[in-house]
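Peer 1: Below is one structure. I have some questions about it.
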Amino acid sequence: VSAPAPRPLAITPGDPNGIGPEVALKAASVARREGIDVVLVGAPATWLSWSIRLGLDSEPLPLDGSGGPVEIDAEDGPAHDGPSTEGGRVALGAIDRAIAGCLAGEFGGMVTAPISKESVRLAGSPFPGHTELLAERAGADNVVMMLVREAAPALRVALVTIHEPLRAVPALVTRQRVAATLAGVSGALQRDWAIGRPRLALLGLNPHAGDGGVIGTEEADILAPALEDARAAGADADGPFPADAFFGRGAWQRYDVVVACYHDQGLAPFKALAQGAGVNVTCGLPFVRTSPDHGTAFDIAGHGKADESSMLEAIRLAAVLAARRDAAG
Ligand SMILES: [Zn+2]
């Protein structure tokens, strides 16, 4: 008895006026040649018009059959040079289609090209990003955003808080939320990466991780107890570490994942080290979801100059993670 063929991955275009359709089309073409089954979901006109515009129409597109018939004009291209209500609608429609297919078992996972937070807000969505939207739609109560660069030495950074104003961060870094984040990434690395006992490092909130209480007390009052909670639940978690020295001395190489308290604390060093090869993974969903680690780049959209390497890495990683989930049953 042979194993069932892996289910296809759903690819969303992101904002149709950004570089999303371009990097998705280029990356999907390479991925298909590597034997990865993908389906381009969402408005067919978006995919077809970009394919023609970029001269990528020499091969048939793996369009989603549920997208319906389409008439396009070869001159169709980006309709706007920035965020727009229509762009937000197209982006959200594709995401909803991908989520429905993932929840129904039709797709093995989803890989999402970048959306514009401004466009989806104009289109009426209250969510600041994919991660928050997916958590709500999938009914998942402990999702964690993690950026990964799998090439050795593997670098993975997860966030306690995601897209929050900096002034809101301290109140959101609670003992319960930190412990849940540690447990969430530990579980994801066990399940999807097959790492038996993942080693976790937690960064402090304050400079020098509080310097013994002189520069803040959150480390002693919140982070240390959260680490105790995580250890009591079986996680192998260390910290809290001063964030600057932790990256400056390469200490991250001793851990399977680094957990940062807020967006820029984790993502600034990540992006500096990953050099464009980073992939965003949403942990804690009932399906696999990855995306590139860059935005819509409206300023270069439509010129064929967008680099698809992060999108391609996102597709490759989603294929690996989905296959591992399928094998685990
Ligand atoms: Zn972000």
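Taken together, the values in this text are just the output of simple stated rules run on the coordinates, not laboratory data. As the structure is a computational prediction, the values presented were derived from the model and not from experiment. All Cβ positions, even for glycine, are placed from backbone atoms using ideal geometry, and neighbour counts span all protein chains on display.
Peer 1: Going by what's in this entry, would Asp238 be described as charged (D, E, K, R) and assigned to a helix (DSSP H, G or I)? Break it down stepwise before answering.
Peer 2: Numbers: charged (D, E, K, R): yes; assigned to a helix (DSSP H, G or I): no.
Criteria not met by Asp238.
Peer 1: Here's something else I'd like to know. Of the conditions (1) assigned to a strand (DSSP E or B); (2) more than 16 Å from the ligand (Cβ to nearest atom); (3) touching a Lys or Arg at 6+ places or on another chain (Cβ under 7 Å), Ile222 satisfies every one except a single condition; which number is it?
Peer 2: (1)
Peer 1: So in the range 149-166, with the set limited to residues that are in contact with a helix residue (DSSP H, G or I) (Cβ under 7 Å, 6 or more places away or on another chain) and aliphatic (A, V, I, L, M), which one is farthest from the ligand (Cβ to nearest atom)? If you could, list the steps in order and put the result at the bottom.
Peer 2: Looking only at the range 149-166, we keep the residues that are in contact with a helix residue (DSSP H, G or I) (Cβ under 7 Å, 6 or more places away or on another chain), and these are 149-150, 153, 155, 157-164.
Going one step further and asking which of them are aliphatic (A, V, I, L, M), we end up with 155, 157-160, 162.
Working: Leu155: 17, Val157: 12, Ala158: 13, Leu159: 9, Val160: 14, Ile162: 7 Å.
The qualifying residue farthest from the ligand (Cβ to nearest atom) is Leu155.
Peer 1: Out of the range 126-141, which residues are in contact with a helix residue (DSSP H, G or I) (Cβ under 8 Å, 6 or more places away or on another chain) and more than 16 Å from the ligand (Cβ to nearest atom)?
Peer 2: Answer for the range 126-141, where residues must be in contact with a helix residue (DSSP H, G or I) (Cβ under 8 Å, 6 or more places away or on another chain) and more than 16 Å from the ligand (Cβ to nearest atom): Arg137, Ala138, Ala140, Asp141.
Peer 1: Also, I was wondering about something else. Under 9 Å by Cβ, and 6 or more places apart or on different chains, what pairs join a residue from the range 260-278 that is in contact (Cβ under 8 Å) with a residue 60 or more places away in the chain with one that is more than 12 Å from the ligand (Cβ to nearest atom) and of a type in the set (S, T, N, Q)?
Peer 2: These pairs meet every condition: Ala274/Ser310; Ala277/Ser309; Ala277/Ser310; Gly278/Ser310.
Peer 1: Here are some residues: Val111, Val144. Which one is more than 14 Å from the ligand (Cβ to nearest atom) and buried (at least 24 other Cβ atoms within 10 Å of the Cβ)?
Peer 2: Val111
Peer 1: Further question on the same structure: Please name all residue pairs, on different chains or six or more residues apart, with Cβ atoms under 6 Å, provided the first residue is in the range 51-66 and is without any contact (Cβ under 8 Å) to a residue 12 or more places away in the chain and the second residue is in a helix (DSSP H, G or I).
Peer 2: Here the result reads Asp57/Ser51, each pair linking the range 51-66 to a residue that is in a helix (DSSP H, G or I).
Peer 1: Between residues in the range 15-26 that are more than 17 Å from Thr85 (Cβ to Cβ) and residues that are among the charged types (D, E, K, R) and surrounded by fewer than 24 Cβ atoms within 10 Å (Cβ to Cβ), which pairs lie under 6 Å by C-beta distance while being six or more apart or on different chains?
Peer 2: Correct list of pairs: Val23/Glu308; Lys26/Glu308.
Peer 1: Within the group Ala171, Ala180, Ala209, which residue is part of a helix (DSSP H, G or I) and out of contact with any strand residue (DSSP E or B) (no Cβ under 9 Å at 6 or more places or on another chain)?
Peer 2: Details: Ala180 fails: out of contact with any strand residue (DSSP E or B) (no Cβ under 9 Å at 6 or more places or on another chain); Ala209 fails: out of contact with any strand residue (DSSP E or B) (no Cβ under 9 Å at 6 or more places or on another chain).
The unique qualifying residue is Ala171.
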